[in-house]
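To start, the structure under review is shown below, and the notes come after it.
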Amino acid sequence: ETHTIEQLIPAYPIDKMVDLEQTILFDIETTGFSAASTYLYMIGCGYFSHNQFHIIQWLCEHKEEESEILRQFFEFAKDFHFLLQYNGVQFDIPYLTKKAEKYHIPPIWDQFTIVDLYKLIKPYRFLFFLPSLKQKSIETFLKIKRNDQCDGGELIPVYLEYEKTHKEHLAKLLFLHNYEDILGMIKILPILYYRDLFCYPVKVTGLNENVYEDYDHSSKKEVIIDAQLSFSLPYPVCCKRDQLFLYASNTLCRLRFPIVSGELKMFYDHYKDYFYLPEEDTAIHKSVGVYVDRNHRQNATRATCYTKVSGTFLPQRCTGFSPCFKENWNSVFSYIQYNDQFKNDRSLQNEFVNEVLLHFSLKK
């Protein structure tokens, strides 16, 4: 079965990653997860040609035809160079690889540059508050409606019945589900804008201080930094990761940082080049420390190679922005100084915010 969708323009510049005219998408339908004990009964693929999107589907009339539709798909796909998938690296490709081995069909995967949308957005799943990252969940988040209401598991008995009866209405259900999955891969491309939020530079447009009441009714101070995105997000998102709060909508990215006051430590690299002075509770370079009485110095360790600094600070989820400060050398969080220089230097703010966003998805 074949379909042509006129003027289907991806709502995301996927051509940054692939050449659309050289890209193929595919989705498979099976009677289970194990290639060793289940059957492949449908392969559907989509591709762009002359500003049109085409879908072609191969359906097994009988289970014994799975080798034939696999050969037909491989033959059709051999002229493409990019493969766009949703979780295909984890399921579809290994499944077809096992089937190809069974029928002694040479695999074709080495010819492709593979782009798996699932793998690209998985590090940012904390933004979406979804029960899973299945394609249908992403479609729900993006408010994409589909005509097909079945999932793959529900269609297994439909195919088994179709194999016996070849009733047309059953085939329509099978084709429709696969069709919607393939078309859905194009429709969910804007989900990649949420990845871009953390991968492409933003431009700081404002910095303000705010006083708020904490959950224990104590008064706290925070810094709110607004930044401009170079693209527009489909829907607003917000999340809190440790001490940092992020809100993003349209072309606005807003970060809130608690202001921390007190004393922190700035640790030096190459601790073997330093002495630690216990009485002063500080480290000094050995080029200077040689003049200190031996009884008042000792070789510094990673934990004692620091200088104490008092002031106000902002947290960061990495140590990329320097100089950075910590409570202890192995502390999970680090901080930067929040001083007049930072408040008045837009380029410094830009550097800091982009560093924070770059590491925002890190697990702590």
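The values are calculated or read from the model by the stated rules, or taken from the named source; none is laboratory data. From a predicted model like this one, the values you see are computed outputs, not experimental measurements. Quick reminder, even Gly has a Cβ in these numbers, built from the backbone with ideal geometry, and neighbours come from all protein chains shown. Accessible surface is based on the protein model in full, side chains and every heavy atom, while ligands, DNA and RNA are left aside. Shrake-Rupley method; radii C 1.70, N 1.55, O 1.52, S 1.80 Å.
Yes/no matrix, rows are residues, columns are (1) of a type outside the set (D, E, K, R); (2) in contact with an Asp or Glu (Cβ under 7 Å, 6 or more places away or on another chain); (3) over 29 Å from Val237 (Cα atoms):
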site	(1), (2), (3)
Lys102	no, no, yes
Ile108	yes, no, yes
Gln111	yes, no, yes
Lys122	no, no, no
Phe141	yes, no, no
Asp148	no, yes, no
His177	yes, yes, yes
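Asp151 meets the conditions (1) open to solvent by 40 Å² or more (accessible area, probe 1.4 Å); (2) in contact (Cβ under 8 Å) with a residue 40 or more places away in the chain; (3) not hydrophobic (A, V, I, L, M, F, W, C) in every case but one. The failed one is (2). The set of residues in region 16-50 that are exposed (fewer than 12 other Cβ atoms within 10 Å of the Cβ) and farther than 25 Å from Leu176 by Cβ comprises Lys16, Ser34, Ala36, Ser37, His50. In region 187-207, the residues that are of a type in the set (S, T, N, Q) reach residues that are part of a strand (DSSP E or B) with C-beta atoms within less than 7 angstrom, at least six apart or across chains, in these pairs: Thr205/Asp226; Thr205/Ala227; Thr205/Gln228.
Somewhere in region 109-128, is a residue among the hydroxyl-bearing types (Ser, Thr, Tyr), assigned to a strand (DSSP E or B) and more than 14 Å from the chain's Cα centre (by Cα)? Looking through region 109-128, at least one residue is among the hydroxyl-bearing types (Ser, Thr, Tyr), assigned to a strand (DSSP E or B) and more than 14 Å from the chain's Cα centre (by Cα).
The single condition among (1) modelled with pLDDT of 95 or more; (2) surrounded by fewer than 17 Cβ atoms within 10 Å (Cβ to Cβ); (3) over 37 Å from the mean Cα position of the chain (by Cα); (4) not aromatic (Phe, Trp, Tyr) that Arg346 does not satisfy is (3).
Of the helices (runs of 4 or more DSSP H) lying entirely inside region 272-364, not one contains at least 1 residues that are at positive phi and in contact (Cβ under 8 Å) with a residue 12 or more places away in the chain.
Taking strands (runs of 3 or more DSSP E) that fall entirely within region 1-83, which contain at least 1 residues that are charged (D, E, K, R)? Explain how you work it out, then say what you get.
Numbers: elements: 2-6, 23-30, 40-49, 52-59.
Of the strands (runs of 3 or more DSSP E) lying wholly inside region 1-83, those with at least 1 residues that are charged (D, E, K, R) span 2-6, 23-30.
All of Ile121, Ile114, Ile93 fail the test of being at negative phi, touching a Lys or Arg at 6+ places or on another chain (Cβ under 8 Å) and not hydroxyl-bearing (Ser, Thr, Tyr), apart from Ile121.
Yes/no per residue for (1) open to solvent by 50 Å² or more (accessible area, probe 1.4 Å); (2) within 15 Å of Phe26 (Cβ to Cβ); (3) not aliphatic (A, V, I, L, M):
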site: Gln57; (1), (2), (3): no, yes, yes
site: His62; (1), (2), (3): yes, no, yes
site: Phe74; (1), (2), (3): no, yes, yes
site: Leu84; (1), (2), (3): no, yes, no
site: Ile93; (1), (2), (3): no, yes, no
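Within region 52-71, residues that are closer than 16 Å to Leu170 by Cβ sit with their Cβ atoms under 9 Å from residues that are assigned to a strand (DSSP E or B) and polar (S, T, N, Q), at 6+ positions apart or across chains, in these pairs: Gln57/Thr2.
Within the option set Lys167, Lys187, Lys172, being open to solvent by 70 Å² or more (accessible area, probe 1.4 Å), farther than 29 Å from Asn87 by Cβ and basic (Lys, Arg) holds for one residue only, Lys167.
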